[in-house]
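The values are calculated or read from the model by the stated rules, or taken from the named source; none is laboratory data. All figures in this text were calculated on a predicted structure; none of them were measured in a lab. Cβ: placed from backbone, ideal geometry, glycine included. Neighbour counts: every protein chain shown.
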Amino acid sequence: MHTQVYSMAQTNSTPPPGLFKRNPPIAGEADALERAKNGDPDAFSKLYALHKRRVYTLCLRMLGNVSEAEDMTQEAFLHLYRKLGSFRGESAFSTWLHRLTVNLVLMHLRKKGLQLVSLEETINPSEEDAPKRDFGSRDPRLSGSVDRVALERAVGTLPPGYRLVFVLHDVEGYEHNEIAEMLECSTGNSKSQLHKARLKLREILRQQEQAAGSPKLQEAAQ
């Protein structure tokens, strides 16, 4: 998925998918990919070297556990080795690899019996007559430049369900209907989880700012 620095200061524009960084074309990837598909082990090793950090980072963001992230990174590349011949170039290779990794991580979490999202209703019944909020829209309170290390740390402390939806939507750039399909929940539930994740992140960032006295974090938390 496309990712970029967490900056959405232009409130009148639609933010592109992803919030931490973009994945530009990687020098040597196309050649290594073609050779790896033809069975060249050195070319596959190069693909591993080019993408292992990004795959590991994705696993860590989703799992919040270093050991599990390392194991799932290895599993993702083993799966890639078996499935590489099925890559047809209909999307960027990094996008395809990230989709493969996301699916493997979700399968891993289901095998552990983890409930991926809560079953709470999107809106409390008592609020039926109140103006409906679009939980899936961009959150201006998390706009602007936020210290990346602080944000990564804050994301890592989110409850599993909140963290998954936040990573899939705001980091990896999936749409809510795609997330709903992957997590086997409703689109409304995906939006609700994202809304709650952002509220929790604002709270965590505010606490970090109060502890560190960072003006950037203070601006993000207000």
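General remarks:
Condition check ((1) basic (Lys, Arg); (2) modelled with pLDDT of 90 or more; (3) within 19 Å of LEU63 (Cα to Cα); (4) touching a strand residue (DSSP E or B) at 6+ places or on another chain (Cβ under 8 Å)) across all residues:
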| residue | (1), (2), (3), (4) |
| --- | --- |
| LYS111 | yes, no, yes, no |
| LEU114 | no, no, yes, no |
| ASN124 | no, no, no, no |
| ARG141 | yes, no, no, no |
| PHE166 | no, yes, yes, no |
| ILE179 | no, yes, yes, no |
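- Sole exception among (1) under 16 Å from the mean Cα position of the chain (by Cα); (2) farther than 22 Å from ALA197 by Cα for ARG61, by number: (2)
- Residues of the stretch 34-43 satisfying the condition of being of a type outside the set (Lys, Arg), surrounded by 13 or more Cβ atoms within 10 Å (Cβ to Cβ) and over 13 Å from PHE93 (Cα atoms): ASP40, ALA43
- Candidates are the residues of the stretch 172-188 that are crowded, with 23+ Cβ neighbours inside 10 Å and touching a residue at least 60 places away in the same chain (Cβ under 8 Å); the one that is nearest to the chain's Cα centre (by Cα) is GLU172.
Residues checked against (1) more than 20 Å from ASP31 (Cα to Cα); (2) surrounded by fewer than 13 Cβ atoms within 10 Å (Cβ to Cβ); (3) touching an Asp or Glu at 6+ places or on another chain (Cβ under 9 Å); (4) among the acidic types (Asp, Glu):
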| residue | (1), (2), (3), (4) |
| --- | --- |
| VAL66 | yes, yes, no, no |
| ALA69 | yes, no, no, no |
| ALA76 | yes, no, no, no |
| HIS79 | yes, no, no, no |
| LYS83 | no, yes, no, no |
| SER86 | no, yes, no, no |
| ALA92 | no, no, no, no |
| HIS98 | no, no, yes, no |
